[in-house]
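Since the structure comes first, as structure tokens, the remarks are kept for the end.
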Amino acid sequence: MTKATIDRDKLRDIYTRTMRVARADEKFRSLLMTGKLAVIYYTVRGQELVSAAAMAALEPSDYLVTTYRGQHDQIAKGVPLNPLFAEIAGKVGGTCRGKGGSMHITHPETGVMVTTGVVGSGLPIANGLALASQNRGDGKVTMVCFGDGATNIGAFHEAMNMAQLWKLPVIFLCQNNRYGEHTAFADHTKVDSIVTRAKAYGMAGVHVDGNDAIAMYNTTKAAVDRARAGEGPTLVEAMCYRMLGHFFGADFSYMPKEHLAEMAAEDPLPRLRQLMLDHQFTEAELDAIVADLDAQMDAAAEFAANSPLPGPEEIRKDVFEEEIAA
Amino acid sequence: MSAQITMTQAINRAIDEAMAEDEGVILLGEDVAAKQGGGVFKISAGLTEKYGEHRVRATPISEQAIVGACVGAALAGFRPIAEIMLMNFVTVAMDQIVNHAAKLRFMSGGQTNVPLVIRTTTGVGVGFGGQHSDMLEAWFAHVAGLKIVTPSNAADAQGLMRAAIACNDPVIFIENILCYGLKSDDPGPGHFVPLGKAAIAREGSDCSIVTYGRTVLDALEIAGKLADEGISVEVIDLRTIAPYDEATVTASVEKTGRAVVLHEAVKQYGTGAEIASRLNEKLFGKLKAPVTRIGGAFSAVPMANALEQAWIPNKDAIADAVRTAVNWKG
Ligand SMILES: Cc1ncc(C[n+]2csc(CCOP(=O)(O)OP(=O)(O)O)c2C)c(N)n1
């Protein structure tokens, strides 16, 4: 068997995306811990690499639909940090003028079309974006991210069937972090893996270690290539692990200690660093990337802190195209 | 006699015109394509032949996926039309309509919008029973971000559909099964009726009946009868239920001093409550009688014709409500 390979530039790209996600998450947790920010925050600790490698397989113009726990997806897709930080802080300089918040990030310039707080509801919408691309022939691919818990909602099944029926250029990326809020995978789903469900819809399905950068990238890239070639959708089940509670600060004593320890050994961050070193990147190079990112995080946090709060007049705007009466 | 057009033909023509003008207008729904007969009520007959199956897509029975796909396509700049076969089945797609279509413009701070039309049909009087007859406009009227339209005649149906497709916000377009066969003078091609503008369907001076959809026909009939009794009724056809033309309604009721708000949907918590309340706020002291409401009974729509007829707002009761208002002594 030949060893999986990857282009060095792509590897650097994945590393940079992963660390941008990781440093942003770290920054948010520290802002929350020190009381500089008081918002609901769904940490992506443990899932950084999944989206970094997946988004590295997309073009900037491709569409993304994600969920409340989607900050890793958004950052990896390229949403600029300043407005992203400001949006999560509810400031007017945010991507959505503070009217969306972390659960509803939209940033069309980087292809982030919808972030939804309703579990599983992004899949039907992703189909529509993909349908638009199919009719237009614009060659764009749509990726939609969701958790393992989302695969038990009706919208998942309706969307899978429709996507395969119409051979839509869409990729269903299930980030299986083993929990839906407090409920462990085995307590909410009777099949061993989500990917078996692809078969039920006649759809291509692949199971991948989401903490393995090369496998994750190559798997996603193959799905993207298929979709772009008009060969239809793929369900990708990327195994990963939510290393903290459902949202930041939430109790997670229901997660067995032994399992947490076992999963800590799979932590994508040290694993990726080792992979980089194995590929002859130097410690200094890697540290320099992170140092540069940290400067960007500080700047983004400052931008958010200094951005004004939206005024009450914002409530009348964007309900409809025309402003509504007070 | 001038040429006539039915409501079915009028809606079909409006969609046809919009599809001819803009590649982004697409139609999704159960059975809508030619192979499946052009829709249960034949609204999309002939469109597949002209525009192809990629633009007129017969879907699986998947209401969430239908509306969701339309939301996504709309976000990408299309102007999709979703056909939800009967209004009761919007219940299955509520998440996509209420949480997504209605709110994405706002939640994105105006970066995206959802120019989507959800066509649906309903109506009491055809014996469909409890799960195929509801008027659910009040549910949607309660959600910021949705426009709700219903025509009472064929010409308006054509013009309102053109305007709904051109609208940059999501529109729920409610068609009453019993109105499909109604004929109007043919308004000709390119007919638009602006959203948000009510029509004064009949002028009068003693009492206003504020209504929309099929009950406009009842109101006009009653107005004719009451004229023989010397009571002059003004009939306002809202056409757009939300946001409704408050200026026209207020002006009419200010003139007549009396109002009955009439709709087929159940009276309890209906849109009539909203309109009556607003009239009270605006015209307290100028009203010659309390504003009253007439609506459907507070039960599921019964199947048996005798019961169904008892459920629906009764013409005598509507006429009595007007007489009571006109004779109000305070
Ligand atoms: C339709 C719906 N039901 C319930 C919830 C409450 N809820 C929020 S997150 C969550 C768990 C979802 O788990 P999963 O899809 O695996 O995503 P993860 O949080 O693990 O990323 C639930 C039940 C919701 N947001 N939407």
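Listed by chain and number, the lysines placed with their C-alpha closer than 19 angstrom to that of B:Lys225 are B:Lys315; residues fewer than eight positions away on the same chain are left out.
Note on the protein assembly as shown: antiparallel DSSP beta bridges, both residues inside, total approximately 15 percent of the bridges counted. The peptide list B:235-242, A:267-274, A:140-147, put in order of mean Cβ contacts within 10 Å with the highest first, becomes A:140-147, B:235-242, A:267-274. 3J(HN,Hα) along region A:194-200: 4, 5, 4, 5, 4, 4, 4 Hz, from the Karplus curve 6.51 cos²θ - 1.76 cosθ + 1.60 with θ = phi - 60°, whole Hz, x for Gly and Pro.
Structure note, pairs A:Lys199/B:Lys35; A:Lys36/A:Lys257; A:Lys77/A:Lys140; A:Lys140/A:Lys221; A:Lys317/B:Lys103; B:Lys35/B:Lys147: Cα-Cα distances above 20 angstrom occur for A:Lys199/B:Lys35; A:Lys36/A:Lys257; B:Lys35/B:Lys147. For B:Thr121, the residues 5 or more places off, or on other chains, whose built amide H falls under 5 Å of its own are B:Leu86, B:Met87, B:Glu175.
In the protein assembly as shown, the alpha-carbon atoms span a convex hull of 173 Å³ per residue. The packing ranking, built from the mean of other Cβ atoms within 10 Å per residue, places the peptides B:182-191, B:302-311, A:24-33, B:116-125 in the order B:116-125, A:24-33, B:182-191, B:302-311, highest first.
If you scale each eigenvalue of the Cα gyration tensor by 5 and take the root, what three semi-axes come out for region B:76-163, rounded to whole angstrom and sorted largest first? If you can, show how the numbers build up before the last one.
Numbers: eigenvalues 121, 55, 24 Å².
Semi-axes, largest first: 25, 17, 11 Å.
Please compute, for peptide B:58-67, the average count of beta-carbon atoms on other protein chains lying within 10 Å of each residue's beta-carbon.
6
Taking a sphere under 12 Å around the Cβ of A:Gly120 and counting the other residues whose Cβ falls inside, with K and R at +1 and D and E at -1, yields a net charge of -3. Phi-derived couplings, Karplus 6.51 cos²θ - 1.76 cosθ + 1.60 at θ = phi - 60°, listed residue by residue for region B:121-138: 9, 6, x, 9, x, 10, x, 7, x, x, 10, 9, 10, 6, 9, 10, 4, 5 Hz, with x used for Gly and Pro. Just to be sure I understand: if I project the alpha-carbon convex hull of region B:117-194 onto a plane and average over all orientations, what area do I get in nm²? Mean shadow area of the hull around the Cα atoms is 5.6 nm². Counting Cβ atoms of other protein chains within 10 Å of each residue's Cβ and taking the mean over peptide A:107-119 gives 3. What's the long-distance tail for region A:93-149, i.e. % of Cα pairs beyond 16 Å? Tail of P(r) above 16 Å: 49 percent of Cα pairs. Scaled to the globular estimate 2.2 N^0.38 Å, the Cα spread of region A:256-303, given as radius of gyration, is 1.56.
Coupling constants for region B:101-113 follow from the phi torsions by the Karplus curve (6.51 cos²θ - 1.76 cosθ + 1.60, θ = phi - 60°), and in residue order they are 3, 5, 10, 5, 4, 5, 5, 8, x, x, 6, 10, 8 Hz; glycine and proline get x. Its residue count N fixes a reference of 2.2 N^0.38 Å for region A:103-235, and the Cα radius of gyration divided by that reference is 1.01. Working from the Cα coordinates of region B:12-132, the gyration tensor eigenvalues give, after taking √(5λ), semi-axes of 23, 20, 11 Å in decreasing order. Using R0 = 35 Å, the C-beta based FRET efficiency linking B:Asn314 and B:Glu203 works out to 0.90.
Considering region B:15-85, its Cα convex hull presents a mean projected area of 4.1 nm². Label-to-label distance, B:Ala3 versus B:Lys282, with points set 7 angstrom from Cα along the beta-carbon direction: 3.8 nm. Spatial offset of region B:218-291 relative to region B:1-47 amounts to 33 Å, using the alpha carbon center of each. For q = 0.08 Å⁻¹, what log10 I(q)/I(0) does chain B give under the Debye formula with an equal point scatterer on each alpha carbon and no solvent? So the normalised log intensities are -0.36. Across peptide B:97-103, the mean count of Cβ atoms from other chains lying within 10 Å of each residue's own Cβ comes to 3. Computed over the alpha carbons of region B:162-303, Rg followed by Dmax gives 15.7, 46 Å.
Ranking of B:Glu203, B:Glu53 by solvent-accessible surface, largest first: B:Glu203, B:Glu53 (1.4 Å probe, protein heavy atoms only, all chains present).
Relative intensity of region A:29-137 on a log10 scale, I(q)/I(0) at q = 0.12, 0.19, 0.20, 0.24 Å⁻¹, equals -0.41, -0.99, -1.09, -1.44, per a Debye sum over C-alpha point scatterers of equal strength in the absence of solvent.
Taking amide hydrogens as placed 1.01 Å from N in the peptide plane, the amide H of B:Ala201 sits under 5 Å from those of B:Val235, B:Ile236, B:Asp237, each at least 5 positions away in sequence or on another chain. Projecting the alpha carbon convex hull of chain A along each direction and taking the average yields 18.0 nm².
Please report, in cubic angstrom per residue, the volume enclosed by the convex hull of the alpha-carbon atoms of region B:141-239.
Spelled out: Cα convex hull of region B:141-239, divided by residues, is 108 Å³.
Name the shape class, rounded, prolate or oblate, that the alpha-carbon gyration tensor gives for region A:230-272, where a ≥ b ≥ c are the square roots of its eigenvalues, rounded holds for a/c under 1.5, and otherwise prolate holds if a/b is larger than b/c and oblate otherwise. Prolate, since a/c reaches 1.5 and a/b exceeds b/c. If you wrap the tightest convex hull around every Cα atom of region A:191-237 and split its volume per residue, you get 48 Å³. Using only the Cα atoms of region A:167-326, build the gyration tensor, take square roots of its eigenvalues as a ≥ b ≥ c, and label the shape rounded, prolate or oblate: rounded if a/c is under 1.5, else prolate if a/b is larger than b/c, else oblate. Rounded, because the longest to shortest axis ratio a/c is under 1.5. In plain terms, if you count all Cα to Cα distances in region B:146-187 and split them into 10 Å steps from zero, the share in each step is 29, 54, 17, 0 percent.
With every protein chain in place and a 1.4 angstrom probe, the accessible-area ranking of B:Ile81, A:Ile153, largest first, reads A:Ile153, B:Ile81.
The values are calculated or read from the model by the stated rules, or taken from the named source; none is laboratory data. This is a predicted model, so every value here is computed, not measured. So basically every Cβ, Gly included, is an ideal-geometry build from the backbone, and we count neighbours across all protein chains shown. Please note that ligands, DNA and RNA were not included when accessible areas were found on the heavy atoms of the full protein model with its side chains. Shrake-Rupley method; radii C 1.70, N 1.55, O 1.52, S 1.80 Å.
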